[in-house]
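What follows is a set of notes on a single structure, which appears directly below.
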Amino acid sequence: LLGDTANLAVSGDGMVLATGASPMGTRDCDCRQNGIFNCSCPRRFSDPTANWGWDSYRGRYVYGYSNYTFTAADSPYDLPVYSVLNQAARHDSVSHTTALFGMINLYSEFNFGKDILDSAHDNYATYDLLDHWDIEAFIDLNQTNKGNFKYDPPVAINEDGVPICRGGFLIANWGYISDSCRIKWRCPHVTRKSFNCPIFNCSDSDYGRTVYTKPEWDNRIFTTTPRGSHKWKNTIKKRTSSERRNSRVKTDYELENDNVRSKSRWLIRIIMRDAAMHANAWLKESAIAPKNWITTWFNYRAA
């Protein structure tokens, strides 16, 4: 149900939850009865660990928590794999680091091969961490920092890390060479017979002009799977599994309607809903149809 656990693809995303507690707290003094309405007396907070954070979905600040969850991207049921609850002010890229560390240590029998993330995780520290753990990164580029390189590349490169030939055309990707840890690119005039290039004699070889790029130059731009390729596009589409899980928990299971206080109460309610998603997937895959449960139960009792 999770996919290939020997090369598991996961997708991470966070959602902000508004707690039922008031950020202003509750008065314990009797100043109001004495006509003092602007006192500085200590207040009692029913949810002291909550704080303010930006909710990009609502487009406003929310007082509460941020739930960051990894889902199995190859799962047909968008099953959650690991979930944490942090303060609402914590950025998704920070929550991703701590959650990934906990998930890897918890599931030592799994091998995580791909990490599919949105542009909120587009930073060099995340790429370096995933490289250290031999996890291939599939991260959308942040539009505010799109096309910027850590170091100037030796050839002309577009914003997706694809080399550009002298004729101004994108060079054809020819695969990743694992022995030398570099990506091979070939002249589009040679690889595509119907392709007409005004500068067709840029190389004397019949094989055509060949260019190599190395992820070590800039692991954010020169990814192992080239950005813009069919494999990249098909893989990055699986990131929506996290969004579907969040929608399932918040809309179908009505998580926000609980309106509870304290981190422990929110966390146990999140875990119960994630467990319900797994139970629902088990039932769908079960050989016993739901309509036959009662009959099966009575037959079991009679036997």
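Every residue in the stretch 75-96 that is touching a Leu at 6+ places or on another chain (Cβ under 9 Å) and either assigned to a strand (DSSP E or B) or acidic (Asp, Glu) (or both), please.
Within the stretch 75-96, 81, 82, 83, 84, 85, 92 meet the criteria.
When the stretch 48-71 is examined, which residues are found to be outside any strand (DSSP E or B) and charged (D, E, K, R)?
58
Scan the stretch 281-291 and tell me whether some residue there is surrounded by 14 or more Cβ atoms within 10 Å (Cβ to Cβ), in contact with a Phe, Trp or Tyr (Cβ under 9 Å, 6 or more places away or on another chain), part of a helix (DSSP H, G or I) and at pLDDT 70 or above.
There is at least one residue in the stretch 281-291 that is surrounded by 14 or more Cβ atoms within 10 Å (Cβ to Cβ), in contact with a Phe, Trp or Tyr (Cβ under 9 Å, 6 or more places away or on another chain), part of a helix (DSSP H, G or I) and at pLDDT 70 or above.
Being closer than 27 Å to residue 186 by Cα, at pLDDT below 75 and open to solvent by less than 20 Å² (accessible area, probe 1.4 Å) narrows it down to one residue among 161, 147; which is it?
Exactly one residue qualifies, and that residue is 161.
Please specify each residue of the stretch 225-272 satisfying the condition of being in contact with a Ser or Thr (Cβ under 6 Å, 6 or more places away or on another chain) and without any contact (Cβ under 8 Å) to a residue 24 or more places away in the chain.
231
Looking at the stretch 33-54 only, could you name the residues that are under 13 Å from residue 19 (Cα atoms) and without any contact (Cβ under 8 Å) to a residue 60 or more places away in the chain?
45, 48, 51, 52, 53
Whether any residue in the stretch 84-94 is of a type outside the set (Asp, Glu), open to solvent by 30 Å² or more (accessible area, probe 1.4 Å) and within 13 Å of the chain's Cα centre (by Cα) is what I want to check.
Within the stretch 84-94, one or more residues are of a type outside the set (Asp, Glu), open to solvent by 30 Å² or more (accessible area, probe 1.4 Å) and within 13 Å of the chain's Cα centre (by Cα).
I'd like to verify a number: residues in the stretch 24-47 that are part of a loop (DSSP other than H, G, I, E, B), hydroxyl-bearing (Ser, Thr, Tyr) and at pLDDT below 85, how many?
1
Could you please give the count of residues in the stretch 1-56 that are more than 30 Å from residue 281 (Cα to Cα), in contact with a Ser or Thr (Cβ under 6 Å, 6 or more places away or on another chain) and hydrophobic (A, V, I, L, M, F, W, C)?
Result for the stretch 1-56: 2.
Based on what the data block shows, is residue 207 assigned to a helix (DSSP H, G or I), modelled with pLDDT under 90 and open to solvent by 80 Å² or more (accessible area, probe 1.4 Å)?
no
Select from the stretch 97-139 the residues that are in a loop (DSSP other than H, G, I, E, B) and out of contact with any Ser or Thr (no Cβ under 9 Å at 6 or more places or on another chain) and write down the one among them that is farthest from residue 82 (Cα to Cα).
Across the stretch 97-139, the extreme among qualifying residues is 134.
The values are calculated or read from the model by the stated rules, or taken from the named source; none is laboratory data. Please read these numbers as outputs of a predicted model, since none were measured by experiment. When we count neighbours, we look across all protein chains shown, and the Cβ atoms used for this are built from the backbone with ideal geometry, even at glycine. Remember, those area values only see protein heavy atoms, side chains included, never the ligands or the DNA or RNA. Shrake-Rupley method; radii C 1.70, N 1.55, O 1.52, S 1.80 Å.
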